[in-house]
Ligand SMILES: *[C@@H]1O[C@H](CO)[C@@H](O)[C@H](O)[C@H]1NC(C)=O
Ligand SMILES: *[C@@H]1O[C@H](CO)[C@@H](O)[C@H](O)[C@H]1NC(C)=O
Ligand SMILES: *[C@@H]1O[C@H](CO)[C@@H](O)[C@H](O)[C@H]1NC(C)=O
């Protein structure tokens, strides 16, 4: 039922608002309002950091960096160094209180490198020290890990070791430099229990509570190009027929005892497309024969709106999933709009979780969805 190794995009999240009981210095941003995050894809040449409307976000993630796959240290070439520096300088100038994080990994990088890095104490240590060095060198406020996804129970144990040692290291660094502790977040699967490729594993929730400032739960990519036989709501809030939904994912994290304020809900600023088998059968779950328009069946929200206008598409709001789809001939696109995002955020508020984030910031149309999201969650 579940999607296999979706080539998902990744996210990150940050949340202030934590404070484990442990010691002082631990992200002391006691309830400072919702975490409103967005990932910035560093390859989006036509959308520089200066284009980001920083009034709408509290946290922005630079996506992505990867360490060297042998040393597990970051090797930053000159163009990347300029890009990193430009990102933090531009955003902090626009809005001094904004938190910038660089995000490590992502869907394209995949899980293997992190599995190998997290396996041993020495490789974890090299990686951790290198993340701190990069963060400080380029003036980031924190680091976000997008390990998509730990593949085995052993990976999950090592993920715990990594988080523990990472927190110890950033605490120590903050003490010795007299600077605020770097924020630590991770993008995760939409729920704490993962069964992909028939392997069951569960995130180390206690360790997350203790060591991370928040997690960005990737509440999307539930359906996509890996199953071309039927249309689907890739980020359904509810699913009457399965547990693959945002409500199930968020509630599962809470049931697993993740601290609510550390849970940040993912929202997609992109849709997923299919080609219908029969244009007269167009509901969610309708038979399909292939992916539809876009790149590998994906299209940013701004392009969906363009496509709908150009093709005079029929747009349907589906209340049972809290999602939208548009149909033009045999082209079918499932996505989130202003209305579905508003309802999801209202839902998230009733759960009293930490906030939300978008993948990706350049997908919005005239800030419509990002603005609606921000206005829906004003404390
Ligand atoms: C590391 O990366 C290099 C260059 O991309 C690649 O050739 C090599 O196979 C990788 N090694 C491992 C262990 O993945
Ligand atoms: C960042 O890059 C943009 C071009 O993409 C440039 O206009 C701007 O001056 C740079 N900002 C900083 C602070 O370097
Ligand atoms: C959904 O999850 C619940 C418990 O977590 C389980 O009892 C139920 O069988 C699941 N439903 C489906 C359709 O898998």
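Values in this text are rule-based calculations from the coordinates and carry no lab data. Here the structure is a predicted model, which is why all the values come from computation and not from measurement. Ideal geometry is used to build each Cβ from the backbone, glycine not excepted, and the neighbour counts take in all protein chains shown.
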Subtracting the Cα-Cα distance of residue 75 and residue 378 from 0.36 nm times their residue separation yields 105.1 nm
Expected sort for 218-229, 307-318 on mean C-beta neighbours within 10 Å, highest first, is 218-229, 307-318
Relative contact order of the range 274-334 (C-alpha contacts under 8 Å, at least 6 apart) in percent is 34 percent
Nearest-0.05 FRET efficiency for residue 32 and residue 238 at R0 = 35 Å, using Cβ-Cβ distance, is 0.70
Across all Cα atoms of the range 58-178, Rg and the largest Cα-Cα distance (Dmax), in Å, are 14.4, 43
By the mean-Cβ-within-10 Å protection proxy, highest first, 339-347, 252-260, 205-213, 266-274 rank as 266-274, 205-213, 339-347, 252-260
Scattering profile of the range 274-334 from the Debye formula, Cα beads only, expressed as log10 I(q)/I(0) at q = 0.12, 0.14, 0.15, 0.28 Å⁻¹, is -0.25, -0.34, -0.39, -1.33
Rounded to one decimal in nm, the spacing of the 7 Å Cα→Cβ label points at residue 43 and residue 309 is 2.7 nm
In whole angstrom, the spacing between the Cα centers of the range 334-379 and the range 41-88 equals 23 Å
Rounded to the nearest 10 degrees, the helix 301-310 long axis (Cα) sits at an angle to the longest Cα principal axis of the chain of 20 degrees
Percent of all alpha-carbon pairs of the chain at distances over 34 Å, whole number, is 23 percent
Tilt, helix 78-94 to longest principal axis of the chain (alpha-carbon atoms), in degrees rounded to tens, equals 80 degrees
Whole-Å distance linking the alpha carbon centroid of the range 248-311 with that of the range 146-180 is 31 Å
For the chain, longest principal axis from Cα atoms; helix 246-255 axis from its Cα atoms; angle between them, nearest 10 degrees, is 30 degrees
FRET efficiency for residue 227 and residue 174 from the Cβ-Cβ distance with R0 = 45 Å, rounded to 0.05, comes out at 0.50
Exposure proxy check on 50, 115: fewest-to-most Cβ neighbours within 10 Å is 50, 115
Note: probe point = Cα of residue 260 + 7 Å toward Cβ; backbone nitrogen < 17 Å; residues of the range 322-350 passing the test are 344-350
Rounded to the nearest Å, the spacing of the alpha-carbon centers of the range 203-235 and the range 92-129 is 18 Å
Here the relative contact order (percent) of the chain, from C-alpha pairs under 8 Å and at least 6 apart, is 19 percent
Between residue 316 and residue 198, the FRET efficiency computed from the C-beta separation at R0 = 51 Å comes out, to the nearest 0.05, as 0.90
Over the chain, the sum of -39500 (n - 2.57) across DSSP H runs of at least four, divided by residue number and rounded to 500 deg cm²/dmol, gives at 222 nm -10000 deg cm²/dmol
